[in-house]
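Please treat every number below as a calculation from the coordinates, not as lab data. Source: prediction; values computed, not measured. Cβ sites come from the backbone with ideal geometry, for glycine too, and all protein chains shown count toward neighbours.
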Amino acid sequence: MVVSALISEFSSLCEGLGLSSSKLLMILALLITAGYSAAKLISKPKKLIPVPPEKANNKNRKYGHWTPEIFELPEPEEYKDWSITETRPVPYRAFKHTYYITMGIRAMEWDKWIELDNEWPKYHNRKLQRIKEKGAELYGTLPEAYPAAMELLAEFKRFLPARYPKLFKRTEVGIDNLVTGESFDFTEPLKEDPMLMAAKMTQDDLAIMIENENGEYVLKGGAIMLAGFWRLRDKINLPLSAIHTTGDVPKYNEKLKSGMEKFFIRQTPEKPIVRNNYFLQTDDDLAWSKSIGDEDNEVVGWYTATPASDINKVYFRSERQSLRRLPITGATIFTIRTYFLPVVELCKEPYVPRRLLNGILSWTDVVQEYRGYTKFKDVLLPYLEERAEEQEAMGYTNDTEPDTYPM
């Protein structure tokens, strides 16, 4: 009878809040673990003492057991001409004439770990709006990820004020934002979730992956606020493979799984990487694509979208992702910076219309389904062909196109 009463009470609570049982359980789990983390901070955490990499011998570690290494983030060079009003976003155009399913990774330049530009205020304000609307659905730090989140804040303290001194100032306790007036205090116990603080400093979404004793990398913390097509609550506590397969990533098991898992295990602190991708979106919201369904729906997908009828409402969405191994905790930090602009603006750039058109036409059936091809093809493909022909008449042909990927 007690169990029945509890089930009845829980059902009533879900109905009263207008939430599904699974969604409410997810929110409660994040709140409980956040409270657990805060309680743990009252006592001084065990200090991790790094040792030289050769002594740490993490190459031969037992899965889930990382020995802290001595490695210091190289001091970034100041971005001298950076301006919060004038510095334009980097024009990543991460598509080729033929689309291939690959990891597409390349070495990252340390100075470019976090890239900020004149859209920082827009992204920051959108994040603040989202936090007000959705709260802890968008961020969280499970206990296993807390040390890594604190290490990330320490890395931000070292990197951001040095790289962007016109925006950030290093303080004794953390970082000040010179434009917004925000002060971030990293003194424990923290006043707010560490991943929430980190999210307020960058234009990126952020995720912490922790290696378990099976060698799997599990999402244990993050601030996912502007992802467009996926939600933290759907992915938290999932291993890397499930994160991709539950998102129906094409050919993940056949072409990506093995290489990606080996990379995560083998990555060392001194070898960060970046990769880029791209999508098309049929609405203008950077944070959440309403075309695939209401964000509060239990299940979302392209199948709910209405086919686009106006090229002015089709947007190009590109992510620049970085992966770093933190030296003290051994956690992997995943940054996801989204670039977002109308296709009609994108196609003013030389060579872009033909290259994008060819890339889309080379998508296989499974890639088409994953990327919502049928929802925009009738309006997008004729437009790209028309713009490509106009440019080719002016001499912008495949023969003259420079190889500047991913720009």
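A few points about this structure:
- Computed over the chain: relative contact order in percent, which uses C-alpha pairs under 8 Å that are six or more apart: 20
- Label point at Thr364 placed 7 Å out along Cα→Cβ; residues across the stretch 247-270 whose backbone nitrogen lies under 13 Å: 249-257
- Peptides 73-82, 90-99, ordered by how many other C-beta atoms sit within 10 Å of their residues on average, highest first, read 90-99, 73-82.
- Span-like helix ranges in the chain, DSSP H, alpha carbon extent 20 angstrom or more, Kyte mean at least -1.0: 2-17, 21-42, 146-163, 377-393
- Net charge over other residues, Cβ less than 13 angstrom from the Cβ of Asn312 (K, R count +1; D, E count -1): -3
- Separation of the alpha carbons by more than 20 angstrom is noted, of Lys59/Lys271; Lys55/Lys112; Lys290/Lys377; Lys235/Lys257, for Lys55/Lys112.
- For Thr397 and Ala242, the difference between the fully extended length at 0.36 nm per residue and the C-alpha to C-alpha distance is 51.6 nm.
- Model label points for Lys290 and Glu188, set 7 angstrom from Cα along the Cα-to-Cβ axis, are 4.3 nm apart.
- Descending semi-axes in Å of the chain, equivalent ellipsoid built from Cα gyration tensor: 35, 28, 22
- Neighbour net charge for Trp230 - beta-carbon separation under 13 angstrom, K R +1, D E -1: -2
- The Glu254 and Val173 beta-carbon pair, evaluated with R₀ = 56 Å, returns a calculated FRET efficiency of approximately 0.70.
- Here the relative contact order of the stretch 218-293, from alpha carbon pairs under 8 Å that lie six or more residues apart, stands at 38 percent.
- Stretch gain in nm, segment Phe263-Ala136, where the contour uses 0.36 nm per residue and the Cα spacing is subtracted: 42.6 nm
- Difference of contour (0.36 nm per residue) and Cα-Cα distance, Leu48 to Tyr303: 86.9 nm
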